[in-house]
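Remarks on the structure that follows.
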Amino acid sequence: MGMLETGIKGRQEEVVTEELLAKNIGSGRVKVFATAMMIALMEKTAVLSVEPYLEEGQNTVGTGINVSHCSATPVGMKVWAETELVEIDRRRLVFKVAAYDECGLIGEGTHERFIIDMDRFQTKASQKAESIGHF
């Protein structure tokens, strides 16, 4: 396991399928790659990029995202996200994020994640449900 440090990069790609279209996830009426799905790909890329550097039992959760989606991508086209860890403040991680399709840049911005202890985090979330009678 290496050290968690700024400069760590990630890249993940996928093909835009019917289920990733704005029209089919309820975020619009058009047959293009949904903004929410672009953000999900950015998050996944950030998660996977730092996972090898975390301690046993730790992972990260998304706490903020600020991105623009500047170009529409039709079904069948390849898209990918690239991330770079640019700031570490104790458990707070800030990533520069960007997404592309085969014609160029489609979105960019910043994404913030926090390092959590998975067991503690899950217990706290479960207690929230129990507190209002959901089990």
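The values are calculated or read from the model by the stated rules, or taken from the named source; none is laboratory data. This one's a predicted model, so the numbers in the text were calculated from it and none came from an experiment. Note that we place each Cβ from the backbone using ideal geometry, even for glycine, and neighbour counts take in every protein chain shown. All accessible areas refer to the heavy atoms of the entire protein, side chains included, with ligands and DNA or RNA removed. Shrake-Rupley method; radii C 1.70, N 1.55, O 1.52, S 1.80 Å.
Using the heavy atoms of the protein chains alone and a 1.4 angstrom probe, what is the accessible area of the chain per residue in square angstrom?
Working: 8130 Å² over 135 residues.
I get 60 Å² per residue for the chain.
Just add up the charged neighbours of Leu54: K/R +1, D/E -1, any other residue whose Cβ is under 12 Å from the Cβ of Leu54.
Details: positive: Arg91, Arg113; negative: Glu51, Glu55, Glu56, Asp117.
Here the count lands on -2.
Measure up Lys9/Lys44; Lys44/Lys96; Lys9/Lys96; Lys9/Lys124 against 19 Å on the Cα-Cα distance and list the ones that go over. Show your work: numbers first, answer last.
On the way: Lys9/Lys44 12 Å; Lys44/Lys96 13 Å; Lys9/Lys96 9 Å; Lys9/Lys124 31 Å.
Violating the 19 Å limit, Cα to Cα: Lys9/Lys124.
Once you keep just the Cα pairs under 8 angstrom separated by 6 or more residues, what percentage relative contact order results for the chain? Don't skip to the answer; put the middle values down first.
Numbers: 268 pairs, mean separation 36.8, N = 135.
About 27 percent, as a whole number.
Once amide H atoms are placed 1.01 Å from N in the peptide plane, what residues at a sequence separation of 5 or more from Ile106, or on another chain, have their amide H within under 5 Å of its amide H?
Under 5 Å from the amide H of Ile106: Ala99, Tyr100, Asp101.
7 Å from Cα along Cα→Cβ at both Ala72 and Ser27: what's the point-to-point distance in nm?
That separation, rounded to one decimal, is 1.5 nm.
If you line up the long axis of helix 118-131 against the longest principal axis of the chain, both from Cα atoms, how many degrees apart are they, to the nearest 10?
Compared with the principal axis, the helix lies near 90 degrees.
Rounded, prolate or oblate, given the Cα gyration tensor of the chain, with a/c below 1.5 counting as rounded? Don't skip to the end; give the middle numbers.
Working: a/c = 2.44, a/b = 1.32, b/c = 1.85.
Here the chain falls in the oblate category.
Classify segment 66-108 from the C-alpha gyration tensor, please: rounded if a/c falls under 1.5, else prolate or oblate depending on whether a/b exceeds b/c. Mind showing how you got there, number by number?
On the way: a/c = 3.66, a/b = 2.77, b/c = 1.32.
It is prolate, given that a/c is not under 1.5 and a/b is the larger ratio.
Work out, step by step, the length gained on full extension between Phe114 and Ile65: first 0.36 nm times the residue separation, then minus their alpha carbon distance; give nm to one decimal. Before the final figure, lay out each step's value.
Numbers: separation 49, 0.36 × 49 = 17.64 nm, distance 1.23 nm.
Length gained between Phe114 and Ile65: 16.4 nm.
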